[in-house]
Amino acid sequence: MPHLPAEVVSQLSAVCDVLRSRLADQLLAVHLYGSAVDGGLKPSSDLDLMVSVAQPLTEGRRNELMHELLHHSAAPGSSRLLRALEVTVVAIGAVVPWRYPARREMQFGEWLREDILGGRIEPEMLDVDLAILLTKVRTHSMALAGPSAAELFDSVPASDLQRAMSDTCKQWNSDADWEGDEITVLLALARIWFTAFTGKIVSKDLAASWAMERLPEAHRHVMNHALHSYLRGTGDASVFVPAELAETIHFCKQEIALELKKRAET
């Protein structure tokens, strides 16, 4: 079990209490994954939870859960006691047996706070990202409730993981696609590139360091700034020159596409 700060343990305990209360006998498992168990929490790290339920959520239960989680989450750096939560809920029958793309029941995150408060709740939907998330959960997670992830979930075939990485990259094409989220996109591309090249999943900082060794000198400082902003928890994207940022993102996407093409041909 990773060593977690007391405030994180307290936050996770409170969230698990909410899940048990709202989901009752439908709750099958809660898995903590991401930085908390792999690479260590950084100042702005979320707490990533994969929640498995026996049956699809009703609209009412989804809405109640989204609103209640607001009280147990806070934007990075805004609270001494609470971290941002990212909570993904899947109905077990939608992911076992595995299929691509799989369906998620809901996803809570701080980026949705204003929408949730305004009553705009995302419905269940197909989510290509589940191939990546469930691979992370099976590879390195801690069960806060229920069986281990390896017992509960099917493994995701390498071909589906590669499809998910390709589909994820397709969403980032122009400045408007990463505006306000520049650092997150750069670090996500670094992780996808690393996974496409090695077949393994590592933390954001390790992937960014790996990517910098392979980036042309003209792009290296862009990734370096993203990495150090993440490590410091500043999230400062103001120093990016838009053209340089776009060129770095497109270079990463090109390298990922080439690597995925090689994998598909072998």
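Would you mind classifying the chain by shape? Square roots of the alpha carbon gyration tensor eigenvalues, ordered a ≥ b ≥ c; an a/c under 1.5 is rounded, otherwise it is prolate if a/b is larger than b/c and oblate if not.
Numbers: a/c = 1.72, a/b = 1.35, b/c = 1.27.
Prolate, because a/c is 1.5 or more and a/b exceeds b/c.
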Q) How far is helix 6-23 tilted off the main Cα axis of the chain, in degrees rounded to 10, range 0 to 90? A) 60
**Q.** For the chain, built as a Gaussian network whose Cα springs stay under 10 Å, the top-fluctuating residue of 155, 79, 203
**A.** 79
Q. Any idea of the accessible area per residue across the chain, 1.4 Å probe, to the nearest Å²?
A. 47
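Where does each of 215-224, 41-50 land if you order them by average Cβ count within 10 Å, highest first? Could the numbers behind the result be given before it?
Working: 215-224: 16.3, 41-50: 20.4.
So the order, starting with the most tightly packed, is 41-50, 215-224.
Rounded if a/c is under 1.5, else prolate if a/b beats b/c, else oblate: with a ≥ b ≥ c from the C-alpha gyration tensor eigenvalues square-rooted, which is the range 57-184?
Numbers: a/c = 1.55, a/b = 1.19, b/c = 1.30.
Taking the square roots of the gyration eigenvalues as a ≥ b ≥ c, the range 57-184 is oblate.
Pulled fully out, how much extra length does the chain show between residue 213 and residue 3, if you take 0.36 nm times their separation in residues and subtract their Cα-Cα distance? Numbers along the way, then the final one.
On the way: separation 210, 0.36 × 210 = 75.60 nm, distance 3.06 nm.
In short, 72.5 nm is gained.
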Q: Please determine, in degrees from 0 to 90 and to the nearest 10, the orientation of helix 217-232 with respect to the longest principal axis defined by the Cα atoms of the chain, where the helix direction is its Cα long axis.
A: 30
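In nm, what is the difference between 0.36 nm times the number of residues separating residue 139 and residue 92 and their Cα-Cα distance?
Details: separation 47, 0.36 × 47 = 16.92 nm, distance 1.81 nm.
That works out to 15.1 nm of additional length.
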Q) If amide H atoms are built 1.01 Å from N in the plane of the peptide, which residues on other chains or at least 5 residues away come under 5 Å of the amide H of residue 145? A) 30
Q: With the full set of protein chains in place, find how many percent of the accessible area of the chain is carbon and sulfur; take the probe as 1.4 Å.
A: 51
Q: Could you state the angle between the C-alpha long axis of helix 204-214 and the longest principal axis of the C-alpha atoms of the chain, as a value from 0 to 90 degrees rounded to the nearest 10?
A: 20
Q. What is the gain in length, in nm to one decimal, between residue 250 and residue 154 on full extension, counting 0.36 nm per residue of separation less the C-alpha to C-alpha distance?
A. 31.3 nm
Q: Sum up the charges of everything whose Cβ sits under 15 Å from the Cβ of residue 176, counting Lys and Arg as +1 and Asp and Glu as -1, but leave residue 176 out.
A: -4
Q. What fraction of the DSSP beta bridges in the chain is antiparallel, stated in percent and rounded to the nearest 5?
A. 70
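Please state the shape class of the range 24-88: rounded when a/c is under 1.5, otherwise prolate if a/b exceeds b/c and oblate if not, all from the C-alpha gyration tensor. Provide the component values of the computation, followed by the final result.
On the way: a/c = 3.36, a/b = 1.54, b/c = 2.19.
Taking the square roots of the gyration eigenvalues as a ≥ b ≥ c, the range 24-88 is oblate.
The values are calculated or read from the model by the stated rules, or taken from the named source; none is laboratory data. Computed from a predicted structure; not experimentally measured. Ideal geometry is used to build each Cβ from the backbone, glycine not excepted, and the neighbour counts take in all protein chains shown. Remember, those area values only see protein heavy atoms, side chains included, never the ligands or the DNA or RNA. Shrake-Rupley method; radii C 1.70, N 1.55, O 1.52, S 1.80 Å.
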